[in-house]
Each structure stands twice: as structure tokens, then as C-alpha cells.
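These notes concern the structure reproduced below.
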Amino acid sequence: MDRRAGFFLVAAVLCFVLTPLADPAHRSIAIITGVVYVVLAALSALDRMSRKSSEPRDPTRDAQD
Amino acid sequence: MDYFVIIVIVVALSFDFVNGFHDAANSIATVVATRVLSPRLAVMWAAAFNFIAFLVFGTHVASTIAKGVVDPNVLTTGVVFAGLLGAIGWSLFTFYLGLPTSSSHALVGGMAGAAVVHGGFSSLQSSGLRTIGVFIVLSPLIGLALGLILTLLVLRAGNRSHNVERLNKGFRRGQLVSAALFSLGHGGNDAQKTMGVILAVLIATDHVPKTSDVPLWVVLCAHTAIGLGTLFGGWRIVKTMGSKITRLQPVGGMAAETAAAITLFGANASGIPVSTTHTITGAIVGVGSAHRLSAVRWGIASRVVWAWILTIPGAFAIASLSYLLLGRVAT
């Protein structure tokens, strides 16, 4: 799995876990931040998929992300 | 105004100075690392914008510190004094180690530690502490996301220009603006914490009513102190922030500072005390991760995280001990 996407997903989970703990006035900030990280994770995964499909296979590069 | 109150106010302003001194690298590390400004000019630039931040922001953060961390009815000059000693002690300790920890959370930890010894855990304001605790995690995450997004947007726009040198020149100028905005946000958030502490002391000693806003002389003194601290800021931390976490080009520096500034402006408007250290570090990590996750030197970043985790407990402990030894004298 793309490690960057995984990192972003963990960040999103963290935001959603914090949502009920936050003051009601600030819960939307936590939710929006979590959604942004979900989107970033998806974009990162898509980016990796498109790179892998369009470039020649390089065993050393696969380990970078 | 009795002498002990004056002493506490002087100590609070000293904390503000130490805060500026300790956090100076946050404001200047990226512009120095990317060689946009010399260290001397960079600190003057940052100090000036730290000072004028009072013209831009209100005092919501100060109110949160004065009334949202510890029950105002429990606050005494002794509690505030011990809390400040805890915060200053921890800040100086981590400064000596070269770790960019949060002076803000040291203050919160210090106030909480002294208050608990004085009045028990019931003296803590759970709502305010919960908000501060949530944003300990959220503020660097917001900074990270914004840093990443801004970097991607800027790189995408820059891809249309094939003249890299010209692009970097433009972004170097842009970094002056972003550094100024970050210093405004830093001054606006951090100086208000000291204002909040001083307001708490003034309320506790009946020098101002409980519903009072921050007096103008307190605002001016706090911003002067933090500006002077930034001006005399140390260089020990600058290497960690600017280049050891990830390498920065002018584009990345500008994106990181702009991202951090946006986060701080939002926190100031909402009255949330956040750590400028956390925020700029998150933004720098975000910039690095725009290229690839391995661009971030996670070993350095993890040292920083450990320092953060220990800040509130560390300052709490020093403040508790300080109150036990000294605080009861002034209660």
C-alpha cells in the first residue's frame, strides 16, 4: 500500500476520533480536516497507481513511498 | 498594586520574552534556511511583525487563558507565579537541549500543575483544557494539510513556467510576505497567552473586574516582550526546524509559512491557544510529504514529537514543585 496514503488515512482517523472530544463550536473543524485527509489519501493512492501503470517497473523505486 | 503582583507580572513578561526567544527560530528558520534573509535581518523582520500583531487581532486567546484553563476563583498570585516558573523552567530546559517544544503548552501545563496542588483537580476547567488538548493534535495536522495543498498548488502553477530561476526569485520575495504573516500569527497567539496570565492575576487581586478586557498597557507590554525575545532569539533550534526535518526551497518555505499563518489566524479568531511550534513543524512536514513521505526525516520529527508529549507533564511537574516550595508564601 502507498505509505503516504496510509499516513493520511491515519491522520483522518485521528481527526474523526477527536471530533466528539472537541467543543461543539469546533467539531466542524475536526470533521473538515478529517475529510480533507481522506481526499488526500485517495489522491495519493491514485497518483501512485497512475505512476506505476505509466512507468517501467523499477524494483528500487517501489520501495520509496 | 502590591509588590508581589508586580513581580508576577515581570515574570510573566519574562516568560513572554523567553517564548519569543525560544520560538524565534519558528519565524525565521525557513527564510534563513532558504537564504532569503540573513539571520539578523530575519529576526528584525519577525520581531517587528510580532509587535504589531496587536493591531490585527483581538484578545480572545487571552480570555481563554485567563478563564478557560483554571477556575478563575482558584487563581491566586502564588498559583500564577508557580505556573510561570514551571513553564519557564521547561522552556529553558528544552531550549538547552535544542528541542523546539511548545512554550504555550508549557504555560498551560504549568498553570494546571500549580492549580492542582493549590485547589485539586476540580480547579481545572475541563472544557477549555479539552479544546486545548484537541488542538494540540489538530493544529499541526491542519498546518500539514495546508502546507501540502499549497505546495501542490504552487508547484502546479509553477510547472507552467519553465524558468526555474525566475520562479524561485519570485517565491523568495513571496517568502518575505509569508514570514511576515507567520510572525503576525505567532505574535497574535503567543503574546495573548501572557496577556491572559496577567489578566488572571489582575482579576485574582481585584485590580480589575472579572468581566474586564485586557488593559491596553498589558497588550503593549506583552507584544513588546515577545518582539524583544524574537529579536534576541537563539539559533540553536534553527537548524532543526529549517533543514533537518526536510530540505526546503523558497517555494516550500513560502508554502510552509503561509500554511502555518492561515492556521494561526484561524486559531486567533476562534480564541484557541495553539502552539506555533507544532503548527509550523506540521506545515514543514506537509511540504516535505508533497514530494514523497521519505523526504521527511522521521527520526528528527519523532524527537520533536517526544518533546511535545513530555511538555505538559514536564511543566506540570515543575510548576507543582514550585508551588509547593514557593507558591504558598503568596497565597
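The values are calculated or read from the model by the stated rules, or taken from the named source; none is laboratory data. Note that the coordinates shown come from a computational prediction; the quantities given were computed from them, not determined experimentally. Cβ placement follows ideal geometry from the backbone for every residue including glycine, while neighbour counts extend to all protein chains displayed.
Among the residues of the range B:79-125, just one is on the phi > 0 side of the Ramachandran plot and in contact (Cβ under 8 Å) with a residue 24 or more places away in the chain, namely B:G98. Checked against the criteria, B:S161 does not count as surrounded by fewer than 21 Cβ atoms within 10 Å (Cβ to Cβ), within 14 Å of chain A (Cβ to nearest Cβ) and modelled with pLDDT under 90. Does B:L153 meet the test of being surrounded by fewer than 20 Cβ atoms within 10 Å (Cβ to Cβ) and either assigned to a helix (DSSP H, G or I) or of a type in the set (K, R) (or both)? Yes.
Looking at the range B:173-194, is at least one residue β-branched (V, I, T) and at pLDDT below 85? No; the residues of the range B:173-194 include none that is β-branched (V, I, T) and at pLDDT below 85.
Quickly run through the range B:55-71 and pick out the residues that are over 9 Å from B:L199 (Cβ atoms) and not aliphatic (A, V, I, L, M). B:F57, B:G58, B:H60, B:T64, B:G68, B:D71, listed by residue number.
Scanning the range A:36-56 for residues that are more than 9 Å from the chain's Cα centre (by Cα) and either touching a residue at least 60 places away in the same chain (Cβ under 8 Å) or surrounded by 13 or more Cβ atoms within 10 Å (Cβ to Cβ) (or both) gives A:D47, A:R48, A:K52. Candidates B:V56, B:V70, B:V74: the one that is surrounded by fewer than 24 Cβ atoms within 10 Å (Cβ to Cβ) and in contact with a Ser or Thr (Cβ under 7 Å, 6 or more places away or on another chain) is B:V74.
Within the range B:16-31, can one find any residue that is within 23 Å of B:T76 (Cα to Cα), modelled with pLDDT of 90 or more and of a type in the set (A, V, I, L, M)? No, every residue in the range B:16-31 fails to be within 23 Å of B:T76 (Cα to Cα), modelled with pLDDT of 90 or more and of a type in the set (A, V, I, L, M). Against the condition within 27 Å of B:V117 (Cα to Cα) and modelled with pLDDT under 90, how does B:W298 come out, does it pass? The answer is no for B:W298. Screening the range A:1-56 for residues that are within 10 Å of another protein chain (Cβ to nearest Cβ) and not in a helix (DSSP H, G or I) and picking the one that is farthest from B:L129 (Cα to Cα) gives A:D2. Of all residues in the range B:140-152, those satisfying the criterion of being within 12 Å of another protein chain (Cβ to nearest Cβ) and modelled with pLDDT of 90 or more are B:P140, B:L141, B:I142, B:G143, B:L144, B:A145, B:L146, B:G147, B:L148, B:I149.
Scanning the range B:133-148 for residues that are in contact (Cβ under 8 Å) with a residue 40 or more places away in the chain and either of a type outside the set (A, V, I, L, M, F, W, C) or surrounded by fewer than 24 Cβ atoms within 10 Å (Cβ to Cβ) (or both) yields B:I136, B:S139, B:P140, B:G143, B:G147.
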